[in-house]
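The block underneath contains the structure these notes are about, expressed in structure tokens.
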Amino acid sequence: MPWWGWDDWQRLIDWMALNGINMPLAITGQEAIWQKVWKQFGLSDEQIRSYFTGPAHLPWHRMANIDYWGGPLPQSYIDDQFELQKKILKHEREFGMTPVLPGFAGHVPAAIKNVYPKAKISLLGKWCEFDDKYRAHFLDPQDPLFLKIQKSFLEEQSKYFGTDHIYGADPFNEMEPPSWEPEYLAKVAKTIYDSMSAVDKDAA
């Protein structure tokens, strides 16, 4: 699917409509939004595009499994996916679907530590057999920087893609969290949701 064009997506959306699917995950094109956000937080274009993986591994990058692998992500790809997402969302909404857009779950570029050295950032565990240099970084949701990033991301995303107020956030997909304590995990989930609702009062 990272290589799909509009014809492929239109066929899938039509198929979903015929099969009663009404809440599709809509995460295409988010790198263009993140590019705008990370620039606001002091990162260079090179730092941002290198942080993204190549297209084939973007699903795992988006889930904070790996960074950098196969990058830097070409600007032409970022731009094309950005325009493609607009078409995807328009067609899904025409069918009365409620697209689930991404929210910020804590995954940050390592380079942000240079701009915010006091931020509470953890190095997540090793994923599969990838070298340590590809490991992802996680910003503690209770750090004040978290809400600032969430606000910037949701506002930028809404500006270009609109919103149906349903967001997806999966901070520890196939990853070992900083702590397995139930209290910690519950606090992370609640704080992530609270940050969304602080920006969008109708967030769910």
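The values are calculated or read from the model by the stated rules, or taken from the named source; none is laboratory data. Quick caveat, the model's predicted, so the values are computed rather than measured. Reconstructed Cβ throughout: ideal geometry from the backbone, glycine too, with neighbour counts over all protein chains shown.
Given the options Asp80, Asp67, name the one that is in contact (Cβ under 8 Å) with a residue 12 or more places away in the chain and either closer than 19 Å to Phe41 by Cα or acidic (Asp, Glu) (or both).
Working: Asp80 fails: in contact (Cβ under 8 Å) with a residue 12 or more places away in the chain.
Sole residue among the options that is in contact (Cβ under 8 Å) with a residue 12 or more places away in the chain and either closer than 19 Å to Phe41 by Cα or acidic (Asp, Glu) (or both): Asp67.
Is it true that Lys159 is among the basic types (Lys, Arg), without any contact (Cβ under 8 Å) to a residue 12 or more places away in the chain and either over 18 Å from Arg62 (Cβ atoms) or crowded, with 19+ Cβ neighbours inside 10 Å (or both)?
Details: among the basic types (Lys, Arg): yes; without any contact (Cβ under 8 Å) to a residue 12 or more places away in the chain: yes; either over 18 Å from Arg62 (Cβ atoms) or crowded, with 19+ Cβ neighbours inside 10 Å (or both): yes.
Against the criterion (among the basic types (Lys, Arg), without any contact (Cβ under 8 Å) to a residue 12 or more places away in the chain and either over 18 Å from Arg62 (Cβ atoms) or crowded, with 19+ Cβ neighbours inside 10 Å (or both)), Lys159 qualifies.
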Residue hits (segment 90-133; among the aliphatic types (A, V, I, L, M) and surrounded by fewer than 21 Cβ atoms within 10 Å (Cβ to Cβ)) are Met97, Val100, Ala110, Ala111, Val115, Ala119, Ile121, Leu123
For a quick check of your reading of the model, give me the residue pairs whose first member lies in segment 135-153 and is under 22 Å from His57 (Cα atoms), whose second is basic (Lys, Arg) and outside any helix (DSSP H, G or I), with beta-carbon atoms closer than 8 Å and at least 6 apart or on different chains. Arg135/Lys126; Leu139/Lys120
So Gly54 fits all but one of (1) crowded, with 20+ Cβ neighbours inside 10 Å; (2) at pLDDT 95 or above; (3) over 19 Å from Phe161 (Cβ atoms); what number is the exception? (1)
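Say we look at segment 97-118 and pick out the residues that are of a type in the set (A, V, I, L, M, F, W, C) and in a strand (DSSP E or B); which of these is farthest from Gln150 (Cα to Cα)?
Taking segment 97-118 as the starting set, the residues that turn out to be of a type in the set (A, V, I, L, M, F, W, C) are 97, 100-101, 104-105, 108, 110-112, 115.
Those left that are additionally in a strand (DSSP E or B): 100-101, 108.
On the way: Val100: 16, Leu101: 13, Val108: 11 Å.
Taking the candidates together, the pick is Val100.
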Could you list, in sequence order, the residues of segment 172-202 that are in contact with a Leu (Cβ under 9 Å, 6 or more places away or on another chain), touching a residue at least 60 places away in the same chain (Cβ under 8 Å) and not in a helix (DSSP H, G or I)? Phe172, Met175
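Can you name the residue in segment 65-93 that is of a type in the set (A, V, I, L, M, F, W, C) and not in a helix (DSSP H, G or I) and, of all such residues, is farthest from Asn22 (Cα to Cα)? Reasoning before the result, please.
Filtering segment 65-93 down to residues of a type in the set (A, V, I, L, M, F, W, C) leaves 66, 69, 73, 78, 82, 84, 88-89.
Retained after the next criterion (residues that are not in a helix (DSSP H, G or I)): 66, 69, 73.
On the way: Ile66: 30, Trp69: 34, Leu73: 31 Å.
Looking at the filtered set, the residue picked out is Trp69.
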More than 21 Å from Asp170 (Cα to Cα), modelled with pLDDT under 95 and not acidic (Asp, Glu): which single residue out of Trp69, Trp3 fits that description? Trp3
Of all residues in segment 119-135, which are within 24 Å of Thr28 (Cα to Cα) and either modelled with pLDDT of 95 or more or assigned to a helix (DSSP H, G or I) (or both)? Tyr134
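Within the group Phe153, Phe138, which residue is outside any helix (DSSP H, G or I), of a type outside the set (Ser, Thr, Tyr) and farther than 19 Å from Trp9 by Cα? Let's see the steps before the verdict.
Values: Phe153 fails: outside any helix (DSSP H, G or I).
So the residue among Phe153, Phe138 that is outside any helix (DSSP H, G or I), of a type outside the set (Ser, Thr, Tyr) and farther than 19 Å from Trp9 by Cα is Phe138.
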Here are some residues: Trp38, Trp6, Trp15, Trp34. Which one is surrounded by fewer than 20 Cβ atoms within 10 Å (Cβ to Cβ) and either in contact with a Leu (Cβ under 8 Å, 6 or more places away or on another chain) or in contact (Cβ under 8 Å) with a residue 40 or more places away in the chain (or both)? Trp6
